[in-house]
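All remarks here apply to the structure that follows.
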Amino acid sequence: MIISPSSADRGEAGAAAGQGEAPWPSPARGWTAVAIFCVAAILSYTDRQILSLLVDPIRADLKITDTQIGLLQGVAFALVYSVAGLPFGRLADLVARRTVILSGVVIWSLGTLLCGLSDSFWMMFAGRFVVGIGEAALAPAAVSMIGDLFAPRRRGLATGTFMMGMVVGGGAAIAIGGVILTVAATGAFAGLPLLGGLAPWRIALVLLSLSGAPMLVMLSLVREPERRGADGSGAAISGSAFGQLRRYRKSLAPLVLGCALMSVGDFALVAWAPSLLSRNYGMAPGQIGAWLGIILAVTGVAGAVGGGFLSDWFAQRRGPSARASLAVGLAVIAAPWSLVWATGAPWSLLALISLWSLFSSMTAIAGVAAVQEIVPNTLRGLSISLIAFGNIMMGLGVGTTAAGVLADKVFGDPHALGQALTLCVTPAALGAVLCFFLAARARRRTGVEA
């Protein structure tokens with residue numbers, strides 16, 4: 001499909017030329033780059049989340065506990081990813097951003113390979129640490145490039161399309177992993193070098209690491225766009241910027257915390273649902289991967305689109321503060337679907353997870369949209385990075401780890417994952433409702449200056 005520039009696009013290109021800047025890149029060039037970034041995001045999230053489908057075979061082969069599995073899925077990745085994102089964001093302002101992304105793909109692919117060849121908990125911990133470093137490079141560099149590939153009126157859709165890859169990636173990890181495990185179990189890789197003598201879970205990780213090679217080829221097709229610094233988008237984050245955010249803390253702080261608490265459920269359910277379906281209901285990895293992968297992909301995309309539509313609809317009819325109020329309502333609807341303990345059959349568990357994923361995704365979009373309206377343009381990037389930091393530290397770092405610790409230390413039973421997930425996710429969801437309520441109240445009382 002060939003996309004031709006509209007009259008508005010031509011007007012923006014002319015305005016850029018009139019200000020001494022080069023014309024905006026063609027739509028074909030911009031959307032080709034976005035498509036490649038989207039594929040990179042899918043691969044990135046697949047490498048990140050596939051461990052959730054490999055929990056039991058890894059646990060058996062390496063002789064580790066659920067607590068250690070939780071650390072591998074959570075702290076080992078989350079700690080370095082959340083911290084490394086800030087320097088990588090700064091690096092993307094100083095050097096060619098394509099180089100930053102290419103370096104990230106190489107690093108996370110090597111980390112995934114190390115995980116696949118690990119013979120101990122600490123070796124796999126190191127591999128996950130490396131994966132976290134590499135994946136932290138993608139988002140800041142890709143979003144920066146998108147800002148120079150598209151005129152302002154086009155950036156939202158382009159950025160959203162890139163972020164959609166992250167939504168799809170969580171489900172793709174389970175779907176792809178399920179297929180690989182099923183095929184590996186038939187002995188299909190027995191005669192191949194490097195893969196022949198490996199356990200199925202190791203084959204899945206090694207194959208994912210090798211997929212980084214074609215990804216590098218695709219990314220090499222993306223040309224670095226000219227930087228456009230007139231709008232200040234390339235400005236470095238300074239200490240004063242954090243000080244400026246204090247002006248908006250009454251609304252901003254609870255929104256950031258609310259999003260982080262909702263992410264506890266997102267990460268914990270994705271990380272532990274496959275093990276719950278396998279241990280308690282005897283579902284095969286291929287069946288789990290197919291059903292759960294489809295559910296997470298469909299509900300994630302529907303939630304992102306639906307949440308954005310509802311957020312705009314409410315804001316147009318009830319004013320800007322309605323976005324935070326919408327987040328309250330959506331979080332209230334999502335909270336009951338965190339009661340994993342109440343399910344007694346695999347299909348009821350899958351239905352519960354699908355409803356949580358749908359409304360949690362919608363809540364997140366409403367929360368992010370509210371943040372974008374609260375802070376001025378010069379602070380939006382920093383504000384969104386704070387949301388990402390909170391989501392990773394709370395969701396991936398605490399959510400996935402806490403569920404494993406509760407199963408091990410509180411219940412002492414590997415089949416008590418349902419109870420552990422409920423005690424982990426439900427209080428977090430209720431805390432999110434309270435946070436969004438406080439943010440909405442602050443917005444109503446003080447408006448834009450909250």
Which residue is farthest from S275 (Cα to Cα), if the candidates are limited to segment 389-420 and must be aliphatic (A, V, I, L, M) and more than 20 Å from the chain's Cα centre (by Cα)? V410
Name the single residue that is surrounded by the fewest Cβ atoms within 10 Å (Cβ to Cβ) among those in segment 190-221 being assigned to a loop (DSSP other than H, G, I, E, B) and not small (G, A, S). P193
Any chance E449 is of a type outside the set (S, T, N, Q), modelled with pLDDT under 80 and either more than 24 Å from G308 (Cβ to Cβ) or not assigned by TED's automatic domain parsing to the domain that holds L257 (or both): yes
Of all residues in segment 349-372, count the ones that are crowded, with 24+ Cβ neighbours inside 10 Å and of a type in the set (S, T, N, Q). 4
Please pick out the residue among A253, A334, A327, A297 that is at pLDDT below 85, part of a helix (DSSP H, G or I) and out of contact with any Pro (no Cβ under 7 Å at 6 or more places or on another chain). A297
If you go through segment 409-416 one residue at a time, do you hit one that is modelled with pLDDT of 85 or more and surrounded by fewer than 22 Cβ atoms within 10 Å (Cβ to Cβ)? no
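The values are calculated or read from the model by the stated rules, or taken from the named source; none is laboratory data. Please read these numbers as outputs of a predicted model, since none were measured by experiment. Positions of Cβ are generated from backbone atoms using ideal geometry, with glycine treated the same way; all protein chains shown enter the neighbour counts.
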